[in-house]
Structure formats: structure tokens, C-alpha cells
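Below is one structure, written out as C-alpha cells; comments come after it.
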Amino acid sequence: MKAVITVIGRDTVGVVAKVSAVCAELNINIEDVTQSILQEMFCMIMLVDLSRVNVAPDAVRDRFETLGREMGMQVTLTRQEVFDAMHKI
């Protein structure tokens with residue numbers, strides 16, 4: 001199963017490393033990533049593969065929500081089919 005991880009918030013050192021570390025911890029493979037800094041705001045979108053994740057789906061979502069709180073950023077995980085449906089015209 002594929003998913004999209006989005007990260008938005010004030011730019012700070014180590015954001016990519018922290019998100020990548022959580023992916024590694026949960027056995028999530030990062031397939032593609034794009035990031036940019038708009039003035040002082042950091043924005044990142046990752047396409048990830050959840051097929052080998054080593055915890056329950058709720059635990060994955062909770063872990064990224066916790067990470068977001070720790071970093072003071074918005075970190076969301078959305079299954080790709082939900083993300084695709086949300087962005088169809």
C-alpha cells in the first residue's frame with residue numbers, strides 16, 4: 001500500500017532526518033520526496049510504501065502525529081487512494 005506523508009511548518013534543522021528516521025523505525029520505504037522552503041515555511045511531500053510496515057496502521061498514524069507535535073509541525077499520513085480521491089476534479 002502506498003501513502004503520502006506531508007510535512008509543513010517553520011523551517012528548522014533536521015526535519016528530513018527526523019521524518020526519515022521514523023520511516024526507518026517503522027520499516028516504511030520512501031519512494032519519492034519533494035521539498036521546498038517558502039520564505040520561512042518548510043514543505044515536504046513523500047510518497048512511501050507501507051507494504052512492509054512493522055506495526056498496526058493506527059500506530060503508524062499516531063507515530064507521525066507525535067513526531068509532528070515534537071517538531072512543532074504538521075505531519076500527516078494519507079493513504080494514496082484517499083489522497084488521489086481528494087485531489088480529483
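Taken together, the values in this text are just the output of simple stated rules run on the coordinates, not laboratory data. Model, not experiment: these values are computed from the prediction. Cβ atoms come from the backbone with ideal geometry, glycine included; neighbour counts cover every protein chain shown.
Whenever a residue of segment 10-34 is on the phi > 0 side of the Ramachandran plot, its partners that are exposed (fewer than 13 other Cβ atoms within 10 Å of the Cβ) and of a type outside the set (Phe, Trp, Tyr), lying with C-beta atoms within less than 8 angstrom and at least six residues away or across chains, give the pairs Asn27/Arg52; Asn27/Asn54. Selection over segment 62-89 of residues that are farther than 22 Å from Gly14 by Cβ and under 15 Å from the mean Cα position of the chain (by Cα) gives a count of 5.
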